[in-house]
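The values are calculated or read from the model by the stated rules, or taken from the named source; none is laboratory data. Keep in mind it's a predicted model, so treat the numbers as computed, not measured. Here the Cβ positions follow ideal geometry from the backbone for every residue, glycine too, while neighbour counts run over all protein chains shown.
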Amino acid sequence: MKDIRFAGLMLRLRLLLLRAGPFTLAALVVLVLAAVTWLWLLAGLLEQDKAEQMLRARSARAAAVPGVASAAAAPPPAPSAPPLDNLDAFYATLGQRRYAEQQVKTLFGLAAKSGLVLSQGEYKSGYERNARVHTYQVNLPVKGSYAAIWQFALGALRAIPFAALDDISFRRDSIGDPTVEARVRITFYLSDAPGTSAGGAP
């Protein structure tokens, strides 16, 4: 009996579909797809709401435990202040003004060690009022290989921590000449106060 009713229902549905035009069929398909999409979105929203309720319940339980609540509310520890200010570090690195000429001797020793020919240089002292430091500028003409000149310049910065390489310029007489002439300008930054730099004393 149930099979007969089901067969009759299917026959009526088939006849209805045959009578309907293509426009009606397309509208029916769109309606079914829209209903399926709406049900899918509704299921997703219900799932999201359920997850939010679980999260709120978990947060409420965590807030009820005193240790967890205080740990969550505690601000992060403040970063510790650096032991030495940058300006203090700068002044601590300065050389001593009274040993400037001995540092020039150090430059001549480094040049000889690098195998350079070092001519008599030009020297100029000054005072930077804003920074409150003395300067001693050394302009040295040197002659040797390109690598030896760079070795000398970098070795000077390592040996004298309060020195700065201001300028270095190269000149070669011919392309094949292995000897290069260079002019190296280095400035010492100095202080009148004794004991400001470990590298300043002889």
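Structure notes:
One line per residue, one yes/no per condition, for (1) in a loop (DSSP other than H, G, I, E, B); (2) surrounded by 10 or more Cβ atoms within 10 Å (Cβ to Cβ); (3) modelled with pLDDT of 85 or more:
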{"residue": "R58", "(1), (2), (3)": "no, yes, no"}
{"residue": "G67", "(1), (2), (3)": "no, no, no"}
{"residue": "P75", "(1), (2), (3)": "yes, no, no"}
{"residue": "S80", "(1), (2), (3)": "yes, no, no"}
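To keep it simple, each residue is scored yes or no on (1) surrounded by 12 or more Cβ atoms within 10 Å (Cβ to Cβ); (2) at pLDDT 70 or above; (3) within 30 Å of S191 (Cβ to Cβ).
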position	(1), (2), (3)
A20	yes, no, no
L42	no, yes, no
E52	no, yes, no
A100	yes, yes, yes
K105	no, yes, yes
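- Here the condition is being of a type in the set (V, I, T) and surrounded by fewer than 19 Cβ atoms within 10 Å (Cβ to Cβ); of I168, I160, it holds for I168 alone.
- Some residue of region 131-149 being out of contact with any strand residue (DSSP E or B) (no Cβ under 9 Å at 6 or more places or on another chain), in the same structural domain as L94 (by TED's automatic domain parsing) and polar (S, T, N, Q): no
- Odd one out for A71, checked against (1) modelled with pLDDT of 70 or more; (2) surrounded by 10 or more Cβ atoms within 10 Å (Cβ to Cβ): (1)
- Residues within region 118-148 that are outside any loop (DSSP other than H, G, I, E, B) and over 30 Å from A89 (Cβ atoms), tallied: 9
- Subset of region 149-195 that is polar (S, T, N, Q) and outside any helix (DSSP H, G or I) - its residue that is modelled with the lowest pLDDT: S174
- Tally, over region 96-126, of residues that are among the β-branched types (V, I, T) and over 39 Å from the mean Cα position of the chain (by Cα): 1
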